[in-house]
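As structure tokens, the structure follows; a few thoughts come after it.
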Amino acid sequence: MDENKAQIDKKIQKLRDIQEKALLGGGTKRIADQHAKGKLTARERLDLLLDKGTFREIDRLVHHHSSEFGLNKTVFFGDGVVTGSGDINGQKVFVFSQDFTVLGGSLAAEHGRKICKVMEMAMKNGLPVIGLNDSGGARVQEGVISLGAYADIFLLNTLASGVVPQISIVMGPCAGGAVYSPAITDFIIMVRKTSYMFVTGPKVVKTVTHEDLTSDELGGADVHASKSGVAHFVTDNDMEAIEIVKRLMSYIPANNAEDPPFIPNDDPPDRIDEDLNYIIPANPNQPYDMKEVIKKIADKGEFLEVHKEWAQNIIVGFIRLGGRSIGVIANQPAILAGVLDINSSRKAGRFIRFCDAFNIPLLIYEDVPGFMPGADQEWGGIIANGAKLLYAFCEATVPKVTVITRKAYGGAYDVMNSKHVRGDLNFAWPTSELAVMGAKGAVEIIFKKDIDSAEDAEKREAELINEFNDKFAHPYIAASYGYIDEVIEPKYTRQRLIESFKLLENKVDRNPTRKHGNIPL
Ligand code: HXC
């Protein structure tokens, strides 16, 4: 009996020793190096991300089987990535967290297989995938096998798109083709100073284009948050990045067959905000901050803004209304007068498609003078890019509610979830102006001769502008055709929206059966 116990104890001890070794990744020295760079380790990150005690690791004992270029001397359990499942705010998710302390988190056959395994499990079980990226890229020693492993991941990213939410946090290097896995996922969060993403690094860039840039200047978090739009969120450290994931998860469902989380709160649904009646300036050319409108109406004034630093002339993000998760798309009159341009169309188009894929209703606040004129925009493809936004609105079948606060001019009126592109309920404030263009532009076109021949051209133009405004700069013609369902007093907007989204909660609408549409990419 004693001998049996001793044998079993020995086996258990062996397991404990292996586990202990595996938990140390690349070892204490490399962990200290990781900390010195201001980064947490792969396991520390998962501890913060997942609800306490819920992480269940798989494939902890996987390692590479290569001996090329001395790799047989650097065999580590886990092969540079920690994978498994756990809970975020009680919601089950699959996770992978690259371990930079093991061969620089570089990706090769086994590392890639581990990531694919959790992604396949996530798809089968309808659960989100959260990927924490911190990697030197393709493991050089394993050559083309590493490239193949990346391609396996890209394929699964694509197949999972629109089926389960995929969120990437980039917390270290992410270079070369490796960038394309996060790029296919739904959201990218980058950490300032410690993360960067680029297809070709500073050395190659210098040789080819003679531009002399640091990694941060070329592909740091701020660059991708404000210039390229690759990053949806930017944070100062790993902890903040993890907090963003938790907030994001509170708005999105586990998969495309489920509804988003309903989280009731004590903000009264019939709360009236008198200030809203006076938020629009009397002068139509004076800006105001649409974020104030969004926050005043949302439950508890909370708004999780996506792409805050990029294409700021449009605002996108998540709010709750009466506990329901809602995706907001809003023109921002405070930036470029809220005009639609290439980047704002891309930004909003992608956000709409995410919400539509995951059953998140859409709320549109509209104050748009039209599309941005200019050679840069035309040559840069405002036609194809503006069409992305139009296509996204047309194709979306989730409940879609529009509130026109002020301008709804020209093609932009059609695009911004008008009744004609299947807006379910379209409201207008009394301050709204639905017209082909603003009064000044319109008068210059249709009354040019009248103005030119007048004794006092300036006076005549002012008269005609007033006349035009009286006749057209209001919502009542549109309302007379049913293009607007109701003109509402701004202070009641919260109440009307909460009622509307409740009314629409069982909405069913379908697009024609087809392999897939052909969005103008
Ligand atoms: C193998 C790698 C590695 C890699 C880093 N390491 N990158 N091992 N393959 N790609 C190892 C290092 O040898 C070192 O091992 C440890 O990771 C830490 O690396 P350091 O260089 O000491 O760290 P640091 O100074 O922080 O620099 C990090 C780095 C640098 C900037 C990422 O390591 C680097 O430039 N690595 C190569 C990046 C690269 O070119 N990757 C291929 C990109 S192309 P020890 O044993 O000393 O701890 C690509 C294609 C994907 O990824 C294609 C998909 C289609």
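The values are calculated or read from the model by the stated rules, or taken from the named source; none is laboratory data. Note that the structure is predicted; figures quoted are calculated from it, not measured. As a convention, Cβ positions derive from the backbone with ideal geometry for all residues, glycine included, and neighbour counts pool all protein chains shown.
Some notes on this structure:
- For segment 58-81, the set of residues classified as over 28 Å from Phe94 (Cα atoms) and surrounded by 15 or more Cβ atoms within 10 Å (Cβ to Cβ) consists of Leu71 only.
- Cβ-Cβ contacts under 9 Å between residues 6 or more apart (or on different chains), taken from a first residue in segment 370-391 that is at positive phi to a second residue that is part of a helix (DSSP H, G or I) and of a type in the set (A, V, I, L, M), are listed as Gly370/Ala412; Gly374/Ile382; Gly381/Ile342.
- Extreme residue, nearest to Thr41 (Cα to Cα), among residues of segment 70-111 that are of a type in the set (D, E, K, R) and touching a Ser or Thr at 6+ places or on another chain (Cβ under 8 Å): Asp99
- Filter pass, Lys29 being more than 11 Å from the ligand (Cβ to nearest atom), more than 32 Å from the chain's Cα centre (by Cα) and part of a helix (DSSP H, G or I): no
- Considering residues of segment 381-420 that are of a type in the set (S, T, N, Q) and buried (at least 18 other Cβ atoms within 10 Å of the Cβ) only, the residue nearest to Asn283 (Cα to Cα): Thr405
- Hits in segment 344-364 - residues which are part of a helix (DSSP H, G or I) and under 9 Å from Val398 (Cα atoms): Cys355, Asp356, Ala357
- Taken over segment 95-113, the criterion of being away from the ligand (no atom under 15 Å from the Cβ) and β-branched (Val, Ile, Thr) is satisfied by Val95 alone.
- Verdict on Gln286 being without any contact (Cβ under 8 Å) to a residue 24 or more places away in the chain and either in contact with a strand residue (DSSP E or B) (Cβ under 6 Å, 6 or more places away or on another chain) or not small (Gly, Ala, Ser) (or both): yes
- Residue in segment 114-137 that is surrounded by the most Cβ atoms within 10 Å (Cβ to Cβ), counting only those that are within 14 Å of the ligand (Cβ to nearest atom) and over 13 Å from Asn157 (Cβ atoms): Asp134
- Criterion (part of a loop (DSSP other than H, G, I, E, B), out of contact with any Pro (no Cβ under 7 Å at 6 or more places or on another chain) and buried (at least 24 other Cβ atoms within 10 Å of the Cβ)) met by exactly one of Phe100, Phe96: Phe100
- Of all residues in segment 280-310, those satisfying the criterion of being under 19 Å from Tyr413 (Cα atoms) and modelled with pLDDT of 95 or more are Ile280, Pro287, Met290.
- Residues in segment 325-361 that are surrounded by fewer than 22 Cβ atoms within 10 Å (Cβ to Cβ) and at positive phi: 3 in all.
- Asn256 passes every criterion in (1) buried (at least 17 other Cβ atoms within 10 Å of the Cβ); (2) within 25 Å of Leu127 (Cα to Cα) apart from (1).
- Scanning segment 30-60 for residues that are basic (Lys, Arg) and touching a strand residue (DSSP E or B) at 6+ places or on another chain (Cβ under 7 Å) gives Arg43, Arg45, Arg56.
- Restricting Ser161, Ser215, Ser135 to those that are farther than 16 Å from Gln98 by Cα and touching a Pro at 6+ places or on another chain (Cβ under 7 Å) reduces the list to Ser215.
- Entry remark, segment 45-69: residues being in contact (Cβ under 8 Å) with a residue 40 or more places away in the chain and either part of a helix (DSSP H, G or I) or touching a Pro at 6+ places or on another chain (Cβ under 8 Å) (or both) number 6 in total.
- Highlighted here are the strands (runs of 3 or more DSSP E) found entirely within segment 297-339 that include at least 1 residues which are within 26 Å of Pro264 (Cα to Cα) and of a type in the set (S, T, N, Q): 324-331.
- Scanning segment 168-226 for residues that are surrounded by fewer than 18 Cβ atoms within 10 Å (Cβ to Cβ), away from the ligand (no atom under 12 Å from the Cβ) and small (Gly, Ala, Ser) yields a count of 1.
- Residue within segment 58-70 that is under 27 Å from Thr194 (Cβ atoms) and within 16 Å of the ligand (Cβ to nearest atom) present: yes
- Residue check for Ile153: among the β-branched types (Val, Ile, Thr), surrounded by 20 or more Cβ atoms within 10 Å (Cβ to Cβ) and either more than 28 Å from Thr397 (Cα to Cα) or within 15 Å of the ligand (Cβ to nearest atom) (or both): yes
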